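These notes concern the structure reproduced below.
Values quoted throughout were computed directly from the atomic coordinates according to the rules given, and no laboratory measurement underlies them. These numbers come from a predicted model, not from an experiment. Cβ placement follows ideal geometry from the backbone for every residue including glycine, while neighbour counts extend to all protein chains displayed.
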Amino acid sequence: MTIEDVRRDPEVVAFLQAANDTLRSLGYTEHGQRHAGLVGHIAENVLERLGFATRTHQLANIAGYLHDIGNDIHRENHALSGSLMAWQILRRLGMPPEECAVIMNAIGNHEEERGMVNNAVAAALIIADKADVHRSRVQNPDMATFDIHDRVNYATTRSFVRVRAEEKVIALELEIDTTYAQVIEYFEIFLERMTMVRRAIEFLGCTFQLIINDVRVS
């Protein structure tokens with residue numbers, strides 16, 4: 001089975017749309033099909049550029065696409081509920097149990113509160129998920145009521161994960177418009193996430209670089 005099978009599945013479509021509707025009502029940034037597709041693509045690209053087997057980076061794409069469906073049940077512990085939901089979907093679509101296990105592990109460990117990197121797919125998912133900071137994620141239409149997450153996301157006009165395989169470096173490149181948020185505010189809300197990204201990158205045998213407005217900060 002492929003990522004296209006997952007994208008076309010009516011259950012997956014319904015769960016992702018419902019999850020995003022729920023989070024929008026709670027004031028969260030976008031966690032729907034746009035985020036799912038981008039995270040899956042980035043996760044696959046990271047492993048492909050590092051030379052992992054084709055099926056491994058394909059599984060990373062699938063894990064990335066499904067990683068947030070647990071938000072349909074509840075925001076708290078959504079990684080756990082999402083991994084169990086993914087198992088039911090993937091088993092129904094005919095994925096072998098050993099591949100289901102890899103994806104379930106990755107989804108179940110993608111949140112910084114309790115996640116641990118156990119395999120390459122999980123590492124790539126963490127990198128891709130935490131890298132998606134961009135103004136297109138803001139769902140609040142009233143800029144006057146933006147909270148810090150809205151401001152930082154809206155201020156971020158570019159976010160790109162660059163894999164320099166020959167140097168064993170994975171860099172997160174950000175462009176932040178300081179008209180809307182200061183760089184320090186990014187660290188106020190994302191420091192724990194960046195720590196998790198660094199650990200995931202180190203698991204892949206690489207060094208993490210964070211570059212903001214063309215200045216390397218780590």
**Item:** Antiparallel bridges, percent of DSSP beta bridges restricted to the chain (to nearest 5)
**Value:** 60 percent
**Asked** Hey, what do the phi angles of the range 90-95 turn into as Karplus ³J(HN,Hα) couplings, whole Hz, using 6.51/-1.76/1.60 and θ = phi - 60°, x for Gly and Pro?
**Response** 5, 4, 5, 7, x, 6
**Request:** Using a 10 Å cut-off on Cβ atoms, rank the peptides 64-77, 202-215, 94-107 from the highest mean neighbour count down.
**Result:** 64-77, 94-107, 202-215
**Fill in**
Amide H neighbours of residue 156 at under 5 Å, excluding residues fewer than 5 places away on the same chain, with H built from the backbone geometry, are 135, 177
**Item:** Karplus-derived 3J(HN,Hα), 6.51/-1.76/1.60, for each residue of the range 150-167, Hz, glycine and proline x
**Value:** 4, 4, 5, 5, 5, 6, 7, 8, 8, 9, 9, 9, 9, 9, 9, 4, 5, 9
**Request:** Using amide H atoms built 1.01 Å from N in the peptide plane, name the residues 5+ places from residue 209, or on other chains, whose amide H lies under 5 Å from its own.
**Result:** 170, 171, 172
**Complete:** With -39,500 (n - 2.57) per DSSP H segment of 4 or more residues and division by the full residue count of the chain, the 222 nm estimate, nearest 500 deg cm²/dmol, is -17500 deg cm²/dmol
**Request:** Would you please give the FRET efficiency between residue 216 and residue 143, computed as 1/(1 + (r/R0)^6) with r the Cβ-Cβ distance and R0 = 30 Å, to the nearest 0.05?
**Result:** 0.45
